[in-house]
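A.B. asks: I am attaching a structure below and will ask some questions about it afterwards.
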Amino acid sequence: MLSGPGGIPALRSELDTYLQTARARQLDELCDWLRIPSVSTLSQHKPDVERAADWLARKMTAIGLENVESIETTGPPIVYGDWLHRGTDAPTLLIYGHYDVQPVDPLELWISPPFEPTVRGDDLFARGASDDKGQIFVHIAAVEALLATAGALPVNVKFVVEGEEEDGSQALMAYMPTATARLAADVCLISDTHMLAPDQPLIIYGLRGVWAGDITVRGPSQDLHSGMYGGAVHNPNQALCELLARLHDETGRVTVPNFYDEVQPLNDRERTALARVPYGEEKLLEESGAPAAWGERGFSVTERIGARPTLEINGIWGGFIGDGFKTVIPAQAHAKVSCRLVPHQQSAAIGPMIERYLQQIAPPTVQVTVHTRQHAPAIVVPLDVPEIQAAARAYARAFGAQPVFSREGGSIPVATVVQDALGIPILFMGFGLPDDNLHAPNEKLHLPNFYRGIQAGIALMEELAS
Ligand code: BES
Ligand code: MN
Ligand code: MN
C-alpha cells in the first residue's frame, strides 16, 4: 500500500475529489465537536471537557489513527493517536493542539449562541472555532483524506491534544517529561495561532511567556458603613487603584524594579525584520476598535506586541457592584494581573518582584499581597531548520503566498516544554485570523482558511517527507 518515501501517495485528482466531497460532512463533524462546551476553567463543565476528549478519541480511531488513547491525568484527559507505518524511512510529525475552550461571558454579546455553531457568510461562529478545535480538526481532516484515498501518510504522525491549555496545561507539563519516548518526533506542529490576513500566511518564530496572579489589598477587618467611617480609614478600592496606577510610568514602561533586567535590547536585524511585517497602528485600531494606540514609548506596534514585556490589569473588583447602591467601605479589594514575558525573563521571579514593589510603595493604611497562579517562559524557535522551509513551502502551496515571519504576543506555555523535553523545533503554523475574536464573544473561523488549512496540512506532510 505504501508508495516510496517522499512520493505523493494519493493521486492528486483522487485526493482533490475526496476533499471536495467530504467538505460538508467534515464541517458538520467539526460543528458536532464545537457543540460540546469544553470550558476547562469552569468546574461545572468537567463532564463536557471529558465528552470532548471522548469525541476526539472516537474520531481519531474512525479515520484510521492507531494506539488511540484518552490518557487519564490529574486534570482533563490527554488524547493521543498515531500512524507510524513509515518507520525510519520518513520523519515523524508531532501535532499538538487543545480541545478545551475559553468561557463565553459576556453571553449577551453573542449574535448566535456560542455552542450552536452557525455559518454566516464565509465564517463559522462558535466558541473554540478558531481556538483551537477548528485548527486541530484541520489536521484530523488532512490525515483522514490521505488515509482514505492513499491508505498511507507521507510521514509518521503523532497527535497529542490536551484539554487544559486555557487553564495552564499542568497535566501535560507533568506528562511530557515522562513520555519522551512515546512522543519522540522530529518536529512539532502547533496550529493555534493566526495568519495576518486570509491571503497572508504567517510563521511565528517567537511567542511571549506569561505570568498571571492576583493582587489583594486588605484594609479594615470587615465591611464598614461609609457614613460612619468614610474619610477616616483608607478605602481598599481606592488604595488598590492608587497602587495599580503606579505599575506603569507616563512613557508606558512597567515600573516594577528589576522587571526589565534580563530583557535583551532588540538588535538592528530583528528591528528591520519586524518592520517588514505588514502590520501597524492603523490595522491595530481597525481590528481592536480602540480610539487610539497606547504602549511603551520608542517601540513600534509589532515590537510592543511581539518583542516587549507588558503588565496588564485583567480584572478589578471589590465592594458593592450590584443594582442600586450601597454606601460601603469594603474590607478588601482585588485585581487579576498578568504579564507577557520575552526571552530570558524568569517567569517564576515576576510574582515576588511585583509583591516586593507593591509592599514597598503601599501606605501603612492597607496590606497588599500577590498570589501567583501560573507562569511560563517565552519561546523562540530557530528559523534556520529545514522544517521551517518545508512549512513555508506548504503554506505557499495552499494559500498561494509566501509566509512572513514574525514574533507574536500570545502564549502557549506548553510549547517551551515540548521544545525542551523532546529537543525538537516547533512549527507555529496557524490558520486563524486576527479578527477571530479569540477569548471574546462571536469567536469565528474563516472557512476558506479551514479548507486551505487542510490543503496546507497535507502539503506539510508531503514537504516534510521530501
Ligand atoms: N491560542 C492561544 C495563544 C495565542 C493566541 C498565540 C494568539 C498567538 C496568538 C492560546 O490558546 C491562549 O489563549 N493562550 C493563553 C495562555 C494563558 C492561559 C496562560 C494566552 O495567551 O493568554
Ligand atoms: Mn489556543
Ligand atoms: Mn486561547
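Every read-out reported here was derived from the displayed coordinates using simple, explicitly stated rules and does not represent laboratory data. These numbers come from a predicted model, not from an experiment. Note that we place each Cβ from the backbone using ideal geometry, even for glycine, and neighbour counts take in every protein chain shown.
A.B. asks: Project the alpha carbons of the chain onto their principal axes and report the range along each, largest first, in whole Å.
C.D. replies: So the extents along the principal axes, rounded to whole Å, are 83, 49, 44.
A.B. asks: While we're on this one: Do the sum for the chain: with -39,500 (n - 2.57) for every DSSP H run of n ≥ 4, divided by all residues, what is the mean residue ellipticity at 222 nm, to the nearest 500 deg cm²/dmol?
C.D. replies: -10500 deg cm²/dmol
A.B. asks: If one computes P(r) from the Cα atoms of the stretch 139-252, what percent of pairs lie at distances over 21 Å? Please list the in-between numbers first.
C.D. replies: On the way: 4436 of 6441 pairs.
So the portion of pairs separated by more than 21 Å is 69 percent.
A.B. asks: Along the charge dipole of the chain, which of 78, 248, 338 sits closest to the positive end, that is, farthest toward it, with unit charges on the beta carbon of Lys, Arg, Asp and Glu (+1, +1, -1, -1)?
C.D. replies: So the residue we want is 248.
A.B. asks: What is the dipole size for the stretch 194-317, taken about its Cα centre, with +1 at each Lys and Arg Cβ and -1 at each Asp and Glu Cβ, in debye to the nearest 20? Intermediate results must be reported in sequence, preceding the final value.
C.D. replies: Working: 11 positive and 17 negative charges, 34 e Å.
Dipole size: approximately 160 debye.
A.B. asks: Right, something else. Pull out the extension gain between residue 294 and residue 178, defined as 0.36 nm times the separation in residues minus the alpha carbon to alpha carbon distance; nm, one decimal.
C.D. replies: Values: separation 116, 0.36 × 116 = 41.76 nm, distance 4.36 nm.
Length gained between residue 294 and residue 178: 37.4 nm.
A.B. asks: A further question follows. Might you report the magnitude of the Cβ-based charge dipole of the stretch 418-466 about its Cα centre, with Lys and Arg at +1 and Asp and Glu at -1, to the nearest 20 debye?
C.D. replies: I would put it at about 100 debye.
A.B. asks: Here is a follow-up. I need to check one value: relative contact order of the stretch 182-294, counting alpha carbon pairs closer than 8 Å and at least 6 residues apart, in percent. The partial results should precede the final answer.
C.D. replies: Values: 28 pairs, mean separation 14.9, N = 113.
Reported relative contact order: 13 percent.
A.B. asks: Determine the shape class of the stretch 52-180: with a ≥ b ≥ c the square roots of the Cα gyration tensor eigenvalues, call it rounded for a/c under 1.5, and otherwise prolate if a/b is greater than b/c, oblate otherwise.
C.D. replies: oblate
A.B. asks: Moving on to the next point. Once you have a ≥ b ≥ c as the square roots of the Cα gyration tensor eigenvalues for the stretch 395-466, tell me rounded if a/c is under 1.5, and otherwise prolate or oblate according to whether a/b is larger than b/c.
C.D. replies: oblate
A.B. asks: To the nearest 10 degrees, how steep is helix 12-34 against the longest Cα principal axis of the chain, on a 0 to 90 scale?
C.D. replies: 30 degrees
A.B. asks: Whole percent per 5 Å bin, from 0 to the bin with the longest distance: what is P(r) over all C-alpha pairs of the stretch 107-186?
C.D. replies: P(r) over the stretch 107-186, rounded to whole percents: 3, 11, 15, 16, 17, 15, 12, 7, 4, 0.
A.B. asks: Beyond 24 Å between alpha-carbons counts as too far, so tell me which of 133/158; 46/158; 59/158; 59/444; 158/444; 46/133 fall in that bin.
C.D. replies: 46/158; 158/444
A.B. asks: Continuing with the same structure: Fully extended, how many nm does the chain gain between residue 109 and residue 16 (0.36 nm per residue separation, minus their Cα-Cα distance)?
C.D. replies: Between residue 109 and residue 16, full extension yields an extra 29.6 nm.
A.B. asks: Give me the Kirkwood hydrodynamic radius of the stretch 84-134, using the inverse of the mean 1/r over all pairs of distinct Cα atoms, in Å to one decimal.
C.D. replies: For the stretch 84-134, inverting the mean 1/r across all distinct Cα pairs yields 13.6 Å.
A.B. asks: How high is the relative contact order of the chain, in percent, counting Cα pairs under 8 Å that sit 6 or more residues apart?
C.D. replies: 25 percent
A.B. asks: So, one more: How many nm is it between the label spots at residue 67 and residue 365, if each spot is 7 Å from the Cα in line with the beta carbon?
C.D. replies: Label at residue 67, label at residue 365, 6.3 nm between them.
A.B. asks: Modelled label-to-label distance, residue 420 and residue 344, 7 Å Cα→beta-carbon offset: nm?
C.D. replies: So the two model labels end up 1.8 nm from each other.
A.B. asks: Can you compute log10 of I(q)/I(0) for the stretch 13-90 with the Debye formula, treating each Cα as one identical point scatterer, at q = 0.11, 0.21, 0.26, 0.28 Å⁻¹?
C.D. replies: For the stretch 13-90 at q = 0.11, 0.21, 0.26, 0.28 Å⁻¹, log10 I(q)/I(0) is -0.41, -1.01, -1.18, -1.23.
A.B. asks: If you don't mind, another one. Work out, in µm²/s and without decimals, the Stokes-Einstein translational diffusion coefficient of the stretch 269-405 at 20 °C, 1.002 mPa s, Rh from Kirkwood over C-alpha pairs.
C.D. replies: It comes out at roughly 111 µm²/s.
A.B. asks: Sorted by mean Cβ packing within 10 Å, highest first, what order do the peptides 237-243, 363-369, 78-84 take?
C.D. replies: For the peptides 237-243, 363-369, 78-84, the packing ranking is 78-84, 237-243, 363-369.
A.B. asks: Further question: Nothing charged except the Cβ atoms of Lys and Arg (+1) and of Asp and Glu (-1): what's the magnitude of the dipole of the chain about its Cα centre? Round to the nearest 20 debye.
C.D. replies: Values: 35 positive and 57 negative charges, 92 e Å.
Dipole of the chain, to the nearest 20 debye: 440 debye.
A.B. asks: Let me ask you something else. Where does the stretch 185-292 land on Rg/Rh, using Cα atoms and the Kirkwood Rh? List each step's numbers first, then the result.
C.D. replies: Details: Rg = 22.1 Å, Rh = 19.6 Å.
With Rg and the Kirkwood Rh in hand, the quotient comes to 1.13.
A.B. asks: Separate question: Taking only the Cα atoms of the stretch 253-293, how large is their convex hull per residue, in Å³?
C.D. replies: Enclosed volume per residue, from the Cα hull, is 103 Å³.
A.B. asks: Considering only the chain, what is the antiparallel percent among its DSSP beta bridges, to the nearest 5?
C.D. replies: Values: 50 of 72 bridges.
About 70 percent, rounded to the nearest 5.
A.B. asks: Determine the gain in length on full extension of the stretch residue 321-residue 41; use 0.36 nm per residue of separation and subtract their C-alpha separation, reporting nm with one decimal.
C.D. replies: This chain segment gains 98.5 nm when fully extended.
A.B. asks: Ok, one more. Assuming R0 = 41 Å, what is the FRET efficiency of residue 435 and residue 228, from their Cβ-Cβ distance, to the nearest 0.05?
C.D. replies: Details: r = 51 Å, r/R0 = 1.24.
Efficiency, rounded to the nearest 0.05: 0.20.
A.B. asks: Something else now. Can you give the percent of C-alpha pairs in the stretch 311-380 whose distance is more than 21 Å? Intermediate values should be presented prior to the final figure.
C.D. replies: Numbers: 979 of 2415 pairs.
That fraction is 41 percent.
A.B. asks: Are there GluC sites (Glu not before Pro) in the stretch 47-109 that DSSP marks as loop and that have at most 12 other Cβ atoms within 10 Å, and which are they?
C.D. replies: 72
A.B. asks: Here's another thing I want to ask about it. Along the charge dipole of the stretch 263-332, Cβ charges K/R +1 and D/E -1, which of 306, 293, 327 sits furthest on the positive end?
C.D. replies: 306
A.B. asks: Given the options 414, 354, 383, identify the residue whose Cα lies farthest towards the positive end of the charge dipole of the stretch 292-431 (+1 on Cβ of Lys, Arg; -1 on Cβ of Asp, Glu).
C.D. replies: Sorting the options by dipole projection puts first 354.
A.B. asks: Going by the alpha-carbon gyration tensor, a ≥ b ≥ c the square roots of its eigenvalues, is the stretch 345-466 rounded (a/c under 1.5) or, if a/c is not under 1.5, prolate (a/b greater than b/c) versus oblate?
C.D. replies: Since a/c reaches 1.5 and a/b is larger than b/c, the shape of the stretch 345-466 is classed as prolate.
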